[in-house]
Amino acid sequence: MLEKLSIDNYALIDRSSIDFCDGFTTITGETGAGKSIMLDALSLLMGARADSKAMRDKNRKMVVEGIFSNPMASIKNICEENDIEWDAKELILRREISTSGKSRGFVNDTPVNLSLLASVADGLLDIHSQHSNSLLNDPHEQLSIIDSFGGNNEILEAYRVVFHNYVSLRNKIKRIKESIAKGKENKDFIIFRLEQLDKLKPKKGELISLEREAELLGDADKIKSDLSEAQDLIGGGISSALKCLQGASSVMEGIDFELLDAKGDNDLVERLNTIKIELRDIADTLGGFADKIDSDPGRLEKVQARIDSLYEAMKKFKVKDEDELVELHQQLKEELSSISGDKTDVVKFEHQLKELAKDLKEKADLLTESRIKVSERFSESLMEKIIPLGLPNVKFQIDIQKGKMTAEGQDIVTFFCSFNKNHPLQPISEIASGGEIARVMLGIKSIMAENMNLPTIIFDEVDTGVSGEIAHRMGNMMHGMSKSIQVIAVTHLPQVAAVGDKQLKVYKDDDDEKTVSHIKLLNPEERITEIAAMISGTSINNAALENAKILLQTNKH
């Protein structure tokens, strides 16, 4: 429920903090006192567009904050999905408009976009204004009412899953067919490009290997000469390193190093022999490299031609390296294959689509059957609610016709009504006046409150166009709803105001510089005076005060 609403720097309200209670709260005040300002402020918490012109003091930001206790569990999922801290006991919505006109939304002090703010608020508040009555003319809204009353969520969700799969597969088949048609147009071009790449046969990493080989072949004579010279210097000639080491080794073998007190250095000859072995191995390796090098002009010509072909193809096909040539080659093969291969897929998918269509129709029929049964019960319940509201001759019926499959099913729902004797039933959008629609909508909301876990509902002058006993009954109906949910009603009628468990008054104060709206909770004596003023106008007499007392006493619950 809505526990507290704080409004700062909005329109005629400078600073105001309003505490609400559970049950039924009525809000009264003269026309222009600022009742609509409070509702507009609440609308900001529901993501409504903010107008910086409503900022009272242009030098400080505008803030609206609502504190809600025991939010519905369904909101928990939204919060957890968006990394918003969750508290099962309290949830805070805030909307700020900066002096520059920038709007920001917050849920539990976490910044959120307005779409997310609205999603959370939808589970907390339902503001029912005269504009909301017009929604009753919307077939989609009528269908939603029936499904909510009938508890069709499980059947509808099962239908939607199949519907989504059906539409996805149908679109997939369409894309494949378009691809086949497009492929046929491009087939000759694909074959032409593929033949060129088939002839080239590019390989990944080939260009680096070829360029290295070309460089080697281009300098083959010099590299072979250098290798041979290095081999000779190490071990090929009379003055080579190996010959010198061998001579040193022979001389050292005749020296007794112990006479030189060089204990531990007797392994010098062995160390020298090890170096000789390593040098001989290096010389052999160099010789092996030299033997492998073949100065072959014919091979060099072929390698260079291959390199040129690859670079030419890369330029022609507009790719950056030979790896992308290989990928393009494979892609063209797949495209050519798909032109014929996709035909098989289409046949397979179209068979699956028929099976889905059959399942979809079965689930749609189940949904239709449920809606028909629900409609009969709903019509009976609604007439029981609205006949006492000054509509003694009302007749109500719901017509359900099958139409095109949508995400909501196959049904077109129309509410038919007749408010007078001997008048045929007609669509409610064509015959109902504003006052009649308001009473029908109140009856619907009352039914929904009894059958569903609804958020706090706020009625904005839903009692327009009625008076006397009818107003009293409407007030009692709203009070009955408040046994299940928190109900707040803005009203001009004393009969409705008196039914409330609590009453708030909106009023204005003027001084030399400004006009300011205030909101206060009325005590019992103040309620008597306020309701008496609503009965008699500005001149409050004893009769009006007595009538107010009687109204309040009669409506004690």
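The values are calculated or read from the model by the stated rules, or taken from the named source; none is laboratory data. This structure is a prediction, so every number in the text was calculated from the model and none was measured. FYI the Cβ positions are ideal-geometry reconstructions off the backbone, even for glycines, and counts take in every protein chain you see. For accessibility, only protein heavy atoms count, side chains too; no ligands or nucleic acids. Shrake-Rupley method; radii C 1.70, N 1.55, O 1.52, S 1.80 Å.
Given (1) on the phi > 0 side of the Ramachandran plot; (2) open to solvent by 50 Å² or more (accessible area, probe 1.4 Å), where does Ile540 come up short, assuming only one miss?
So the condition that Ile540 fails would be (1).
Being over 60 Å from the mean Cα position of the chain (by Cα), modelled with pLDDT of 80 or more, open to solvent by less than 40 Å² (accessible area, probe 1.4 Å) and not basic (Lys, Arg) is the requirement here; does Leu272 meet it?
yes
Return the pair list, or none, for Cβ contacts closer than 7 Å from residues in segment 229-248 that are within 24 Å of Val269 (Cβ to Cβ) and without any contact (Cβ under 8 Å) to a residue 12 or more places away in the chain to residues that are open to solvent by less than 90 Å² (accessible area, probe 1.4 Å) and of a type in the set (A, V, I, L, M, F, W, C), at least 6 apart or on different chains.
Within 7 Å, the pairs are Leu233/Ala241; Ser240/Ile234.
Among strands (runs of 3 or more DSSP E) lying entirely in segment 72-121, which contain 2 or more residues that are within 17 Å of Glu3 (Cα to Cα) and within 21 Å of the chain's Cα centre (by Cα)?
The strands (runs of 3 or more DSSP E) meeting that bar are 90-97.
Among the residues of segment 449-473, how many are open to solvent by less than 20 Å² (accessible area, probe 1.4 Å) and modelled with pLDDT of 85 or more?
Number of matching residues: 5.
In segment 35-55, which residues are of a type in the set (S, T, N, Q) and either surrounded by 16 or more Cβ atoms within 10 Å (Cβ to Cβ) or free of Cβ contacts under 8 Å to residues at least 40 places away in the same chain (or both)?
If the condition is that a residue be of a type in the set (S, T, N, Q) and either surrounded by 16 or more Cβ atoms within 10 Å (Cβ to Cβ) or free of Cβ contacts under 8 Å to residues at least 40 places away in the same chain (or both), then Ser36, Ser43 are the ones that fit.
Can you tell me which condition Lys58 does not meet? The list is (1) touching a strand residue (DSSP E or B) at 6+ places or on another chain (Cβ under 8 Å); (2) surrounded by fewer than 18 Cβ atoms within 10 Å (Cβ to Cβ); (3) of a type in the set (Lys, Arg); (4) touching a residue at least 40 places away in the same chain (Cβ under 8 Å), and all the others hold.
All conditions are met except number (1).
Would you mind finding the one in Lys404, Lys421, Lys395 that is open to solvent by 30 Å² or more (accessible area, probe 1.4 Å), basic (Lys, Arg) and in contact with a Leu (Cβ under 8 Å, 6 or more places away or on another chain)?
So the residue among Lys404, Lys421, Lys395 that is open to solvent by 30 Å² or more (accessible area, probe 1.4 Å), basic (Lys, Arg) and in contact with a Leu (Cβ under 8 Å, 6 or more places away or on another chain) is Lys395.
Name the residue that is surrounded by the most Cβ atoms within 10 Å (Cβ to Cβ), counting only residues in segment 126-157 that are in a loop (DSSP other than H, G, I, E, B) and modelled with pLDDT of 85 or more.
So, considering only residues that are in a loop (DSSP other than H, G, I, E, B) and modelled with pLDDT of 85 or more, the one surrounded by the most Cβ atoms within 10 Å (Cβ to Cβ) is Asn152.
Quick check on segment 297-304. Is at least one of its residues assigned to a helix (DSSP H, G or I), under 27 Å from Glu206 (Cβ atoms) and of a type in the set (S, T, N, Q)?
Among the residues of segment 297-304, at least one is assigned to a helix (DSSP H, G or I), under 27 Å from Glu206 (Cβ atoms) and of a type in the set (S, T, N, Q), which makes the answer yes.
Are any of the residues in segment 10-18 touching a strand residue (DSSP E or B) at 6+ places or on another chain (Cβ under 6 Å), surrounded by fewer than 18 Cβ atoms within 10 Å (Cβ to Cβ) and not hydroxyl-bearing (Ser, Thr, Tyr)?
yes
For Leu454, only one of the following conditions fails: (1) assigned to a loop (DSSP other than H, G, I, E, B); (2) without any contact (Cβ under 8 Å) to a residue 60 or more places away in the chain; (3) farther than 20 Å from Ser36 by Cβ. What is its number?
(2)
Of all residues in segment 172-195, how many are among the small types (Gly, Ala, Ser) and either surrounded by fewer than 12 Cβ atoms within 10 Å (Cβ to Cβ) or not in a helix (DSSP H, G or I) (or both)?
1
Name, by its number, the condition in (1) open to solvent by 40 Å² or more (accessible area, probe 1.4 Å); (2) out of contact with any helix residue (DSSP H, G or I) (no Cβ under 9 Å at 6 or more places or on another chain) that does not hold for Gly247.
All conditions are met except number (1).
Among the numbered criteria (1) open to solvent by less than 40 Å² (accessible area, probe 1.4 Å); (2) within 20 Å of the chain's Cα centre (by Cα), which single criterion is violated by Val64?
(2)
So which residues in segment 403-421 are among the charged types (D, E, K, R), in a strand (DSSP E or B) and farther than 11 Å from Leu367 by Cβ?
Lys404
Quick one: Leu216 ticks every box in (1) assigned to a helix (DSSP H, G or I); (2) of a type in the set (A, V, I, L, M); (3) over 30 Å from Ile293 (Cα atoms); (4) at pLDDT below 80 except a single one, so which number is it?
(3)
Looking at segment 89-116, I want the residues that are within 19 Å of Met38 (Cα to Cα) and hydroxyl-bearing (Ser, Thr, Tyr) and have a partner that is in a loop (DSSP other than H, G, I, E, B) and open to solvent by less than 60 Å² (accessible area, probe 1.4 Å) with Cβ atoms under 6 Å, at least 6 apart or on another chain. Which pairs are those?
Ser103/Ala50
Quick one: what pairs do we get from segment 5-23, first residue touching a residue at least 60 places away in the same chain (Cβ under 8 Å), second open to solvent by 40 Å² or more (accessible area, probe 1.4 Å) and assigned to a loop (DSSP other than H, G, I, E, B), C-beta under 6 Å, 6+ apart or different chains?
Going by the 6 Å Cβ cut-off, the qualifying pairs are Asp22/Met1; Gly23/Asp501.
With the requirement that a residue be crowded, with 24+ Cβ neighbours inside 10 Å and either of a type in the set (Asp, Glu) or out of contact with any Lys or Arg (no Cβ under 6 Å at 6 or more places or on another chain) (or both), what does segment 489-512 give you?
If the condition is that a residue be crowded, with 24+ Cβ neighbours inside 10 Å and either of a type in the set (Asp, Glu) or out of contact with any Lys or Arg (no Cβ under 6 Å at 6 or more places or on another chain) (or both), then Ala489, Thr491, Leu493, Pro494, Gln495, Val496, Ala497, Ala498, Val499, Gly500 are the ones that fit.
Can Glu324 be described as part of a helix (DSSP H, G or I) and open to solvent by less than 90 Å² (accessible area, probe 1.4 Å)?
yes
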